[in-house]
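Below: one structure, written as structure tokens.
The values are calculated or read from the model by the stated rules, or taken from the named source; none is laboratory data. Everything numeric in this text was worked out from a predicted model, so none of it was measured. Here the Cβ is made from the backbone with ideal geometry for all residues, glycine too, and neighbour counts use every protein chain on show. All accessible areas refer to the heavy atoms of the entire protein, side chains included, with ligands and DNA or RNA removed. Shrake-Rupley method; radii C 1.70, N 1.55, O 1.52, S 1.80 Å.
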Amino acid sequence: SLRATFWSMVKHDHPDALLLRFLRARKWDVEKSLVMMVSTMHWRAKEMHVDDDIMISGEEGSLVASQSSNPTIKKSGEDFLAQMRMGKSFLHGTDKSGRPMCSVRVRLHKQGDQTEESLERYTVFVIESARMILAPPVDTAVSYHIKLP
């Protein structure tokens, strides 16, 4: 299970680059890095189902969910699609360092307009989409907030 989760988390990254990310985050403390990585893997696989649900289902999965007869599933799908359609956040271009740029239009977020679950799913979807377009040696993305009237 641990091995499968690790390789699904790697995606198209080099495994060493993924491990370096955790080491840098914990200031080269190997023990703390390992704890952080295992915690992340547990969150991705068991709590959020990043690789076996959110990324595989994507927008199409939300469209299917929005047509469900189950009101909870339907609401989750509709909320995800609403955030996508309004352009609450999106990836557009790269900065001077070649990092993907994620624009976040904070004025479009209205607390309570969507369920917490659909907001989390949408956020994870955008972040994971940014990870998919990273090209070595770049291993991070950048986000900025757009505050328009």
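Taking (1) closer than 28 Å to Trp7 by Cβ; (2) under 16 Å from the mean Cα position of the chain (by Cα) in turn, Lys88 satisfies each apart from (1). Applying the set (1) of a type in the set (Asp, Glu); (2) within 30 Å of Pro137 (Cβ to Cβ); (3) touching a Lys or Arg at 6+ places or on another chain (Cβ under 9 Å) to Asp53 leaves exactly one unmet item: (2). Say we look at region 1-56 and pick out the residues that are at pLDDT below 90 and outside any helix (DSSP H, G or I); which of these is nearest to the chain's Cα centre (by Cα)? The extreme case among them is Lys11. Listed by first and then second residue, the pairs with beta-carbon distance under 8 Å, at least 6 apart or on different chains, first residue in region 96-111 and outside any loop (DSSP other than H, G, I, E, B), second acidic (Asp, Glu), are Met101/Asp95. Looking across region 101-149, the residues that are among the polar types (S, T, N, Q) and either open to solvent by less than 40 Å² (accessible area, probe 1.4 Å) or over 22 Å from Ser8 (Cβ atoms) (or both) come down to Ser103, Gln111, Gln114, Thr115, Ser118, Ser129, Ser143. State whether the residues of region 35-55 include one that is farther than 28 Å from Ser1 by Cβ, β-branched (Val, Ile, Thr) and loosely packed, with under 14 Cβ neighbours inside 10 Å. No, because not a single residue in region 35-55 is farther than 28 Å from Ser1 by Cβ, β-branched (Val, Ile, Thr) and loosely packed, with under 14 Cβ neighbours inside 10 Å.
Tell me, please, whether a residue that is touching a residue at least 40 places away in the same chain (Cβ under 8 Å), under 21 Å from Glu116 (Cβ atoms) and not charged (D, E, K, R) can be found in region 28-48. Among the residues of region 28-48, at least one is touching a residue at least 40 places away in the same chain (Cβ under 8 Å), under 21 Å from Glu116 (Cβ atoms) and not charged (D, E, K, R), which makes the answer yes.
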